[in-house]
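Following: one structure in structure tokens, then a few remarks.
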Amino acid sequence: MLSRQEDNFVSKLVSGTIIINLIVTLMVGISLYNTKRHFHHLAEITTQNMAKSMEENLSDIFDKIDIGLSAVQREAERQLATGRIKKSEMNTYIQQQVAQLPELIGMIVTDAEGNIRYGTDITAGKPVNISDRNYFRQLQENPKAGMVVSSLIRGRVSGKWSLTLAKRINRPDGAFNGIVFGIFQASYFDNLFSQLDIGKGGAIGIRDLEFTLIALQPKGQEPGSQIGSRVISQKTRDIIAANPVTATYLTVFARDNKERMVTFRKAARYPFLVFATIAPGDYLAPWRTEAAIFLTLLAIFILATIISSRMIYKSRETALLHMEAKQYGEEMERKNKELEASLSRIKRLEGIIPICSYCKKIRNEEQSWEQLEKYLSDNSDAMFSHGICPECGEKLMKDLGS
């Protein structure tokens with residue numbers, strides 16, 4: 001019976017310990033899962049804020065350049081209205097505008113045929129014609145084009161990447177009379193990006209609508225990280241096609257095969273896409289620290305419950321041993337008493353027993369006389385059945401007959 005109770009106790013103790021540990025483990029797991037989701041959400045917000053900030057900065061820079069180009073455009077059209085453009089006055093005015101636009105490395109004005117006429121860094125005696133450039137033809141053909149941004153151009157001599165931003169110049173009658181354009185060096189974005197904390201594995205970049213990489217910080221060694229590259233994952237292409245304005249997602253970069261949280265935004269007024277990325281290794285670092293602490297505490301808790309269960313089992317086992325010892329002692333005491341009683345009865349039946357020679361009564365220890373059968377019954381295990389012997393029977397019959 002005791003063994004069965006002991007088995008039930010051990011079974012309940014083990015089951016209880018396992019259930020408690022499973023519940024606590026589940027709670028820790030749910031907590032870590034929710035915390036990880038929270039850090040993912042914070043990463044999304046961070047990349048969204050970075051992308052929005054960069055898109056606004058890019059738009060502000062190009063808006064400022066647009067204002068400078070528009071000022072030169074109006075000055076050229078004003079001078080044309082007087083009959084002709086005065087070279088010295090136009091060059092001076094262009095220099096004044098460029099001085100206010102550190103983003104530009106130069107500003108130039110052409111005539112209607114695409115010949116460079118006025119501006120900064122013009123080499124005398126070396127005529128240059130840009131009528132074959134797409135941005136020139138686009139402005140020549142479309143009076144309402146506004147400011148046109150060229151595709152990425154790499155200088156043949158300097159090897160530096162740049163963008164050309166251009167506006168149309170009209171004669172007083174509205175006819176095309178050339179363009180004014182500014183040269184924007186792509187490296188300008190490097191200083192702008194360096195002010196952002198993007199983490200060790202993060203990156204921020206700008207691409208045009210053809211996915212050509214215009215700027216990237218930090219720059220990698222792989223070919224896909226080089227300015228002018230069009231390497232981009234198919235997932236990103238599909239997401240941009242489905243969400244042309246902005247989206248946030250996790251993807252593995254095609255250029256280095258590493259996963260990042262990405263937010264892209266299309267510039268509102270310009271043909272650019274701004275990308276802000278954070279690596280999970282950066283934004284999940286606090287979560288991993290928290291997870292390590294939680295898992296350590298969980299391991300300590302599980303170990304403590306196991307030790308506590310073992311101590312409870314040992315305590316229970318000790319209590320049962322004490323109880324068994326007590327029961328054994330009580331049993332031994334009971335048997336000792338029975339043995340003593342038996343020995344006492346045996347002693348009383350040994351030796352000389354005082355008995356009446358006439359009535360056969362026996363004098364007991366209390367010095368009173370009692371029937372023989374009662375004395376023997378009280379002091380031994382003997383039992384009596386009453387009957388009559390033949391001699392007594394004859395005598396009784398004779399007495400009854402008389």
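The values are calculated or read from the model by the stated rules, or taken from the named source; none is laboratory data. The structure displayed is predicted, hence computed values, not measured ones. Counting neighbours? That spans all protein chains shown, and the Cβs are built from the backbone with ideal geometry, glycine included.
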Taking segment 350-367 as the search range and keeping residues that are at positive phi and surrounded by fewer than 10 Cβ atoms within 10 Å (Cβ to Cβ), which one is modelled with the highest pLDDT? Gln367
Any residue in segment 368-390 that is of a type in the set (D, E, K, R), modelled with pLDDT of 75 or more and either touching a Pro at 6+ places or on another chain (Cβ under 9 Å) or not in a helix (DSSP H, G or I) (or both)? yes
Scanning segment 264-291 for residues that are more than 21 Å from Leu250 (Cα to Cα), of a type outside the set (S, T, N, Q) and exposed (fewer than 15 other Cβ atoms within 10 Å of the Cβ) gives Ala268, Arg269, Pro271
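Yes or no, residue by residue, for (1) in contact with a helix residue (DSSP H, G or I) (Cβ under 6 Å, 6 or more places away or on another chain); (2) of a type in the set (Ser, Thr, Tyr); (3) farther than 28 Å from Phe264 by Cβ; (4) in the same structural domain as Pro172 (by TED's automatic domain parsing):
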{"position": "Lys12", "(1), (2), (3), (4)": "no, no, yes, no"}
{"position": "Val28", "(1), (2), (3), (4)": "yes, no, yes, no"}
{"position": "Asn34", "(1), (2), (3), (4)": "no, no, no, no"}
{"position": "Ile67", "(1), (2), (3), (4)": "no, no, no, yes"}
{"position": "Glu75", "(1), (2), (3), (4)": "yes, no, yes, yes"}
{"position": "Arg84", "(1), (2), (3), (4)": "no, no, yes, yes"}
{"position": "Gln96", "(1), (2), (3), (4)": "no, no, yes, yes"}
{"position": "Glu103", "(1), (2), (3), (4)": "yes, no, no, yes"}
Considering only residues that are farther than 21 Å from Ile153 by Cβ and polar (S, T, N, Q), look in segment 90-130 and name the one that is surrounded by the most Cβ atoms within 10 Å (Cβ to Cβ). Gln97
Take Lys347 and tell me if it is of a type in the set (D, E, K, R), modelled with pLDDT of 75 or more and either assigned to a helix (DSSP H, G or I) or closer than 30 Å to Phe9 by Cβ (or both). no
Select from segment 252-263 the residues that are part of a strand (DSSP E or B) and either crowded, with 18+ Cβ neighbours inside 10 Å or among the acidic types (Asp, Glu) (or both) and list them in ascending order. Glu259, Arg260, Met261, Val262, Thr263
Looking only at segment 155-174, which residues are in contact (Cβ under 8 Å) with a residue 60 or more places away in the chain, of a type outside the set (D, E, K, R) and in a loop (DSSP other than H, G, I, E, B)? Pro172
What about Phe294, is it modelled with pLDDT of 90 or more and more than 23 Å from Gly16 (Cα to Cα)? no
Looking at (1) out of contact with any strand residue (DSSP E or B) (no Cβ under 8 Å at 6 or more places or on another chain); (2) under 22 Å from Thr212 (Cα atoms), find the lone condition where Phe189 falls short. (1)
Which listed residue is touching a Leu at 6+ places or on another chain (Cβ under 8 Å) and modelled with pLDDT under 85, from Glu324, Glu333, Glu317, Glu340: Glu324
Among the candidates Gln95, Gln48, single out the residue that is in contact (Cβ under 8 Å) with a residue 60 or more places away in the chain and touching a strand residue (DSSP E or B) at 6+ places or on another chain (Cβ under 9 Å). Gln48
Any residue in segment 220-247 that is in the same structural domain as Phe275 (by TED's automatic domain parsing) and surrounded by 15 or more Cβ atoms within 10 Å (Cβ to Cβ) sitting within a Cβ distance under 6 Å of a residue that is among the aromatic types (Phe, Trp, Tyr) and assigned to a loop (DSSP other than H, G, I, E, B)? List the pairs, counting only those 6 or more apart or interchain. Ile232/Phe211
